[in-house]
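Each value in this text was obtained by applying a stated rule to the coordinates, not by laboratory testing. Because the structure is a prediction, the values reported are computed rather than measured. Cβ sites come from the backbone with ideal geometry, for glycine too, and all protein chains shown count toward neighbours.
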């Protein structure tokens, strides 16, 4: 989980501060010492840590500090503000000039350029762009085939022409995309195991041929300070316009992301948060800072819910619940809405600290229970879902066999359903006010 260790350490520091009635200078210095150690262990650049904590101290002990806040709230607010400033202002893709607008992806081998190209293609297409991809990595075995397979999966055209060197291949690909009416073309370039002169010469030659609207460095956030050094190396010889940090769903040394903007001067534009084709998020500094501090990312959670939930159907369901009508079909629909939001662990990561962790099981177990519950419900007939009172012992045995579960698990699901039905019935009696804000599916 992204920044899990760092978030846990910071939460312990804030808990300790919360026990203090008044914030003394010695308390601030001790808290900042512990925060410094936590940030350094997470592989945040030492110069970045030093400057950040000097500014936090000034905010907390300065004349403008709010005395209405508790000690932990004062430090939390100051640290959040300085983390956002360190992460830098959010910047979007600058797609300007004649179509198709080329976007060049560069980076070392293993950073995830090819899969990131596919994720970015999906992201752009979701915003109305007509996307092409160019397979210009002829160094890595099977790189071309991998991009072509990803293109087939996403139904995004992939250009490749054997016998051409990468600069000529890139130029021919842009011309083909232009003739086909594409609006954006993504260029997957070759990488090396380390920065070297031949790599940079090849990338510079491609850059001169296609004049990209964006040159984005794809860097592995799991490599810690090495990712920062790689970014500096590319920025020294190639005009980078942005960074994409991959593997941000890992926790090891993920603090390097905090250092990127301050050390390189290049803005982070996207972060990769998993293996799925949809696991690419536009970079939002305030949201990332909130997640690092255990404040959750409620806006992202709301966006996922809006994308996953059919509002018209949800409205009809609320009306049924108000009338006390709640069948196993409604239950199945709520579970599917939760699944549509993505892996349960990812959804729980967006919740403020304490909410996701308050579940009695780990995220993997919760995900498996959700899958089993859906399997049980799908093994029922439509009549059984609408009239669960008909479920006798023989029907339960059939459902258990059909879903690969046990009769005990079927009974457990039915008990959960009855509890939810009672809850909704009570809330329905209170009217619209009682139903307001009900987080369907999380019951």
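Table for the structure above
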quantity	calculated
Contour minus Cα-Cα distance for residue 426 and residue 33 (0.36 nm per residue)	136.4 nm
Efficiency of FRET between residue 109 and residue 374 - r from beta-carbon atoms, R0 51 angstrom, step 0.05	0.80
Relative contact order (%) - segment 4-87, alpha-carbon pairs under 8 angstrom, separation at least six	38 percent
Mean projected area (nm²) of the alpha-carbon convex hull when segment 4-87 is viewed from all directions	5.1 nm²
5 Å binning of all Cα-Cα separations within segment 1-148, expressed as whole percents from 0 upward	1, 7, 14, 14, 11, 9, 8, 9, 9, 8, 5, 3, 0
Mean Cβ count within 10 Å, highest first, over the residues of peptides 176-187, 24-35	176-187, 24-35
Label point distance in nm, residue 81-residue 208, each placed 7 Å from Cα along Cα→Cβ	4.9 nm
Per-peptide average of other Cβ atoms within 10 Å, ordering 130-136, 77-83 highest first	130-136, 77-83
Burial order of peptide ranges 373-379, 167-173 (average beta-carbon count within 10 Å, highest first)	167-173, 373-379
